[in-house]
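A quick write-up on the structure given underneath.
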Amino acid sequence: MFGYVVVNKPEMKFKEFDLYHSYYCGLCKTLKNRFGLRAQVSLNFDMNFLALLLTGLYEPETELKYERCIMHPLKKHQERYNQCVDYAAKMTIVLTYFKCEDDWLDERKVSRQTYKKIIKKAYNKVKKEYPDKVNRIELCLHKINDYEKQGLDNLDEVSKYFGEVMGLICAYKDDEWYDELYELGFYLGRFIYFIDAYEDIEDDLKKGNYNPLKKMYQTKQFDERCKDILELMISEATMAFERLPIIENAEIIRNILYSGVWTKYELIKKKRMEGRK
């Protein structure tokens, strides 16, 4: 369920993309410094969005470095570090740990079970720091697994639990912005769950895997109905975002919420249309 919360790069200014990428590099290096080299495998764009969002809202003191890395050995790249990037790294570990568990339960992917064991120590460290948050996330994800085992096709019921997961993750602090951040995360999480099911529907049908869109897929208006639901989810997320007093990183965040998330949708739809020819 990673990789849907991305930028629309052609619509960005060069300096905006450089700023976006500096957070990505900072998140990558933070994963390495906090949890070891192999933790960098869990890096994803979705949690980079979280780092940008929380930095924009809380405006913490940020350290800027210019460093080389394995991916960029010849040229130094900007890396940004702050407490929000650090928090995003911790939540990356939590989500990746449960993603590995889900992949193992669904498809018995040995590689995912192995990686889960690799990051278990890191996961336990984060759980010790955020016990209530991680326990609630675990409960929600286990609810999703239970519904999948039952074959429940009530998309609204199932997706709300991943919405709760993202709501808990986005709600960084128990403060005056908790409700708006939770709501943004809640609807963004439902969007992610839905678009992931939308992308996987044909493959899941072939393999006999669970997908809450199986019944809807049989209807003539499948693509139109999916687009309507996705628009509803992301519009709720953007409204929650616009209630936050964010200036720093605001245009990058808007690029992601208003445009970037749809680039992935268009790629999925295009692939589906080509497959039907």
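The values are calculated or read from the model by the stated rules, or taken from the named source; none is laboratory data. Here the structure is a predicted model, which is why all the values come from computation and not from measurement. Cβ placement follows ideal geometry from the backbone for every residue including glycine, while neighbour counts extend to all protein chains displayed.
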Going residue by residue through region 237-247, is there one that turns out to be of a type in the set (D, E), under 22 Å from G163 (Cβ atoms), assigned to a helix (DSSP H, G or I) and over 19 Å from the mean Cα position of the chain (by Cα)?
yes
With (1) within 30 Å of W177 (Cβ to Cβ); (2) crowded, with 19+ Cβ neighbours inside 10 Å; (3) touching a Cys at 6+ places or on another chain (Cβ under 8 Å) as the list, and V85 as the residue in question, which single condition is left unmet?
(3)
So, first residue touching a residue at least 12 places away in the same chain (Cβ under 8 Å) in region 210-227, second residue of a type outside the set (G, A, S) and assigned to a loop (DSSP other than H, G, I, E, B), Cβ within less than 6 Å, six or more apart or across chains; the pairs are P212/D153; K215/D153
Suppose we keep only residues that are hydrophobic (A, V, I, L, M, F, W, C) and farther than 29 Å from C226 by Cβ within region 108-159. Which one would you say is surrounded by the fewest Cβ atoms within 10 Å (Cβ to Cβ)?
V110
Note down all Cβ pairs under 6 Å where the first residue falls in region 31-48 and is surrounded by 20 or more Cβ atoms within 10 Å (Cβ to Cβ), the second is of a type in the set (S, T, N, Q), and they're at least six residues apart or on different chains.
L31/Q40; S42/T92; S42/T96; M47/T92
Need pairs with beta-carbon distance below 7 Å; first residue at negative phi and within region 236-265, second in a helix (DSSP H, G or I) and among the charged types (D, E, K, R); sequence gap 6+ or separate chains.
A240/E180; A240/E183; R243/E180; L244/E180; E251/E16; I252/E16; N255/E11; S259/E11
Scan region 248-277 for residues that are exposed (fewer than 10 other Cβ atoms within 10 Å of the Cβ) and not in a helix (DSSP H, G or I) and jot them down.
K277
So which residues in region 168-206 are in contact with a Cys (Cβ under 8 Å, 6 or more places away or on another chain), within 13 Å of I268 (Cα to Cα) and in contact (Cβ under 8 Å) with a residue 60 or more places away in the chain, if there are any at all?
Y198
Flag if K65 is modelled with pLDDT of 90 or more, more than 19 Å from N249 (Cα to Cα), in contact with a strand residue (DSSP E or B) (Cβ under 8 Å, 6 or more places away or on another chain) and not acidic (D, E):
no
By residue number, the members of region 157-192 that are part of a helix (DSSP H, G or I) and among the acidic types (D, E) are E157, E164, D179, E180, E183
Of the residues in region 212-225 that are closer than 12 Å to I201 by Cα and either of a type outside the set (K, R) or under 21 Å from the mean Cα position of the chain (by Cα) (or both), the one that is surrounded by the most Cβ atoms within 10 Å (Cβ to Cβ) is P212
